[in-house]
Every structure is written in C-alpha cells, then in structure tokens.
Amino acid sequence: MRYIYVEYFYIEIQMKRTLTTFFFFFAAFITSYAQVNYFNNTSFSEEKQEILEVVLTLFDGMREGDSAKVHSVFRNYAELYTSYTNQDEEPILLTDDLQKFLKAVGTPHDKTWDEPIWDIKINMDNNIASLWTKYAFYLGNDFSHCGIDAFMLNKDKNGWKIFHLTDTRQKNECSVLDEIKKHRE
C-alpha cells in the first residue's frame, strides 16, 4: 500500500508540473498573440487610450467575424473610403458603405481577417479625435496588403465612436514590422 501511495504521489507531482508548464506556455502564447495586434512606443493618456480601444475593438471584431462588435464602434452615418493607385498609376478614391462592410465581416470566411497596427498617432481636441496608424492586412497567415488607416472619431454621452475611416492600400513597398511577420511563419 505504501508503494502505491508513493507512486500516486509521484504521478500527482508530474501532473502538476505538466499542467503548470502547459498553462505557462498557453499564457505566453496568448500574451504574445495579443501583442501582435498593435505595437506602439508611446504611452497614451487615459482619454487617448479610450480612443485606441475603440479602434482595437474594430479589429477584434474583424478577427472574430463579429459584425455586431464592429458595428458597435461606428456611428450609423459613418463614411468609409479607400485610396489606392491602380495599374495605370492613377490615384483612385473609392467610397464604401458601412452596411456592406458589416455584412462582409459577418459573412463566414475561410481565413481570419487580421489587421495588426503600429506607429499609432492620436490627436484630439474637445470631443473630436483622429487616429492615424500603419497597418498590414492578413487573410489567415497570408499577407494581403498594407497601408495607413486614418480614423476620425467623436465623443458623445455614450463615448467615442468612428464617424470616418479612410485607408490606403498597397501590395508592394510595405514595411511591416518584424514582430508582426514572425507570428505569420
């Protein structure tokens, strides 16, 4: 009987070590994944952090395919634009519709839409703010394009919301951070 107890005790210790190791690596993985979603060397004031959280909620919703979460950060009358250069080297500005964007986010797709951001700049005055950031867009682990996201937000009694978003898009000449790339390999 004593031998069984010792063996059980040994197995119990091994299980605790295994579980502890598993949880440590799981926590490290989750932490490193969360850090991939935005990079910034600037610490923001509490108010600017609230503005950043609105934008991060947008990208969380895109990753999760949750159109309700994405919709929660926009004003119903939000304007969406995309600027790019076409094959003939002509500058193009396209208008997008918020409802079409929300439908696209909420429609099941094979690959996760992920848009990590970095080099974030936030300016604000009273109840108006702008957030300008570089981004890279991935379908799963596959690079799609990069550019700049330029958000305009305003604050009312319910908090900050996006009323305007313009992004640029390019496939070449992208300087994506190494920290972002390494999580895609």
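Read-outs: derived from the displayed coordinates by stated rules, not from any lab. Keep in mind that this is a model prediction, so the values were computed, not measured. Note that each Cβ is placed from the backbone with ideal geometry, even for glycine, and that neighbours are counted across all protein chains shown.
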Listed residue pairs exceeding 23 Å between alpha carbons, taken from 103/157; 69/100; 103/182; 121/155; 100/157; 103/134: 103/157; 103/182; 100/157; 103/134
Cross-link reach list, aspartates and glutamates versus residue 48, counting only Cα pairs under 14 Å and skipping chain neighbours closer than eight places: 125
Charge tally in the Cβ shell below 14 Å around residue 61, where Lys, Arg are +1 and Asp, Glu are -1, residue 61 excluded: -2
Beta bridge orientation in region 37-184: antiparallel %, DSSP, nearest 5: 80 percent
Region 77-185 - Rg and Dmax from Cα coordinates, angstrom: 15.3, 46
